[in-house]
């Protein structure tokens, strides 16, 4: 478990560094700490809930075995993301060198990375779900139900943790600023103060405030 | 190829292999239940991991008092951390929400079940109903760190979605888990000779229970 945890943390740090390079060295360096912190925070907050859900689904997994299984998920996701880090770093440096100093390719870069995280997460989820099915007394349907519950919990908590730990990479416009290490509950561009509001606003797509981006 | 082209199976043809019959679960023993009252981890397993054994207890009407006590203890103790996260003086509110609503609605479940001819004792009905608050309390125990994290990282005054809104969703998930477990017990209790009327009564009873639970949530200040 220690090995898979360390690999997950290092993988997350490497990917975070590449991501932050799109903005500045400051963001890249901070992400070396922030991304592993994101994994550790999420797993610490979800640990008991993961275990209770596993018990409720008759998995027969102990608390330790549950944490091990979930960290294998993190391990696989982080490893896959770390393998993309050179490509992300290259794109980030190119974007940085060619952006207009305002929005640049922020939206495209964000979308591509969200896609990468989703693909890596789904691949890890499918593989670990299958392994869970093979190694425990669970039926295939129940193993995937368990992994789905874990994923939903992790997304809900991890999303809020990520929102709180912003910025991981920002608009080129903010380059040269030194924002706090975590922005916390400070409103984002559309005024969302937490992850769930941000998701709601993504769905409702309200317009940006008229004073933005000059107000940032 | 249409359905008409498929020859009908001959009576002598071997039938497809059927799934082996599930081994009949043993009822929980009083000694096991007593041991779980001394060890919280065993209590978690008793409440969450053994619906088929609990169903066997319902069928055989065995260990009723011990089971009822274990479920009430679980529903009370495991709900405390979540209440503490809401506020220090709310430690009792989650137990009051789930267990209180169940206790208020328990007489109606028993009387209606008996009235339509379900042959179960009051303790069997109490154990069955107590699965809801006990399982819900277990889930709130798991959600307590999540809520504490949300509370620590979210604004509550100006936010469109506050941690208290999300708390309501978590409490609803816990409730659904509890109701789901009750139905799993009923599903496993195939030996209950009056299961069908009990199912009908339970369907109606859920309406009463949910209504009381929502009112209870209002009274306890757990709804926005």
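The values are calculated or read from the model by the stated rules, or taken from the named source; none is laboratory data. Keep in mind that this is a model prediction, so the values were computed, not measured. For neighbour counting, all protein chains shown are included, and Cβ atoms are generated from backbone atoms with ideal geometry for every residue, glycine included.
What about residue A:54, is it buried (at least 24 other Cβ atoms within 10 Å of the Cβ) and closer than 20 Å to residue B:177 by Cβ? Yes; evaluated as a whole, the condition is true for this residue. Residues in the range B:109-127 that are touching a helix residue (DSSP H, G or I) at 6+ places or on another chain (Cβ under 6 Å) and part of a helix (DSSP H, G or I): B:109, B:110, B:112, B:113, B:122, B:123, B:124, B:125, B:126, B:127. Is it the case that the range A:54-68 has a residue that's out of contact with any strand residue (DSSP E or B) (no Cβ under 8 Å at 6 or more places or on another chain) and more than 14 Å from chain B (Cβ to nearest Cβ)? So far as the range A:54-68 goes, yes, one or more of its residues are out of contact with any strand residue (DSSP E or B) (no Cβ under 8 Å at 6 or more places or on another chain) and more than 14 Å from chain B (Cβ to nearest Cβ).
Being within 14 Å of chain B (Cβ to nearest Cβ), assigned to a loop (DSSP other than H, G, I, E, B), at pLDDT 75 or above and buried (at least 16 other Cβ atoms within 10 Å of the Cβ) is a description that does not apply to residue A:161. Listed conditions (1) farther than 24 Å from residue A:196 by Cβ; (2) over 15 Å from the mean Cα position of the chain (by Cα); (3) touching a residue at least 24 places away in the same chain (Cβ under 8 Å) are all met by residue B:222, apart from (1). Of B:80, B:72, B:85, B:146, all but one fail to be within 22 Å of residue B:205 (Cα to Cα) and either out of contact with any strand residue (DSSP E or B) (no Cβ under 8 Å at 6 or more places or on another chain) or without any contact (Cβ under 8 Å) to a residue 40 or more places away in the chain (or both); the exception is B:72. Please verify whether residue B:144 is closer than 30 Å to residue B:124 by Cα, buried (at least 17 other Cβ atoms within 10 Å of the Cβ), modelled with pLDDT of 90 or more and facing chain A (nearest Cβ under 10 Å), treating the condition exactly as stated. When the stated conditions are applied, residue B:144 does not pass them.
Looking at A:146, A:89, which one is buried (at least 19 other Cβ atoms within 10 Å of the Cβ), modelled with pLDDT of 85 or more, under 30 Å from residue B:185 (Cα atoms) and within 21 Å of the chain's Cα centre (by Cα)?
Numbers: A:89 fails: under 30 Å from residue B:185 (Cα atoms).
Within the list A:146, A:89, the selection yields A:146.
Every residue in the range A:85-100 that is touching a helix residue (DSSP H, G or I) at 6+ places or on another chain (Cβ under 7 Å) and within 12 Å of residue A:23 (Cβ to Cβ), please. Residues satisfying the conditions are A:92, A:95, A:99. Screening the range B:103-122 for residues that are surrounded by fewer than 17 Cβ atoms within 10 Å (Cβ to Cβ) and under 22 Å from residue B:52 (Cα atoms) and picking the one that is modelled with the highest pLDDT gives B:122.
Residue under question is residue A:120, and the condition is that it be at negative phi, within 14 Å of chain B (Cβ to nearest Cβ) and modelled with pLDDT of 85 or more; does it hold?
Details: at negative phi: yes; within 14 Å of chain B (Cβ to nearest Cβ): no; modelled with pLDDT of 85 or more: yes.
No.
The listed residues are A:94, A:70, A:14, A:66, and the only one of them that is assigned to a helix (DSSP H, G or I) and modelled with pLDDT of 90 or more turns out to be A:14.
Report yes if residue A:180 is more than 11 Å from chain B (Cβ to nearest Cβ), closer than 20 Å to residue A:31 by Cβ, at pLDDT 85 or above and under 18 Å from the mean Cα position of the chain (by Cα), otherwise no. So residue A:180 does not fit the description; no. Of all residues in the range B:174-224, those satisfying the criterion of being surrounded by 13 or more Cβ atoms within 10 Å (Cβ to Cβ) and outside any helix (DSSP H, G or I) are B:189, B:192, B:194, B:220, B:222, B:223. Would a scan of the range B:178-199 turn up a residue that is more than 16 Å from residue B:86 (Cα to Cα), touching a residue at least 60 places away in the same chain (Cβ under 8 Å) and at the interface with chain A (Cβ under 9 Å from one of its Cβ atoms)? Yes, the conditions are met somewhere in the range B:178-199.
Report yes if residue A:172 is over 30 Å from residue B:144 (Cα atoms), away from chain B (no Cβ under 14 Å) and at pLDDT below 85, otherwise no. Yes; evaluated as a whole, the condition is true for this residue. Apart from one condition, residue A:23 fits all of (1) more than 14 Å from chain B (Cβ to nearest Cβ); (2) touching a helix residue (DSSP H, G or I) at 6+ places or on another chain (Cβ under 7 Å); (3) in a loop (DSSP other than H, G, I, E, B); (4) surrounded by 22 or more Cβ atoms within 10 Å (Cβ to Cβ); the exception is (2).
Does the range A:67-77 contain any residue that is surrounded by 19 or more Cβ atoms within 10 Å (Cβ to Cβ), within 30 Å of residue B:79 (Cβ to Cβ) and without any contact (Cβ under 8 Å) to a residue 60 or more places away in the chain? The answer is no, given that none of the residues of the range A:67-77 is surrounded by 19 or more Cβ atoms within 10 Å (Cβ to Cβ), within 30 Å of residue B:79 (Cβ to Cβ) and without any contact (Cβ under 8 Å) to a residue 60 or more places away in the chain. Just checking, does the range B:166-176 include any residue being out of contact with any helix residue (DSSP H, G or I) (no Cβ under 7 Å at 6 or more places or on another chain) and facing another protein chain (nearest Cβ under 10 Å)? Within the range B:166-176, one or more residues are out of contact with any helix residue (DSSP H, G or I) (no Cβ under 7 Å at 6 or more places or on another chain) and facing another protein chain (nearest Cβ under 10 Å).
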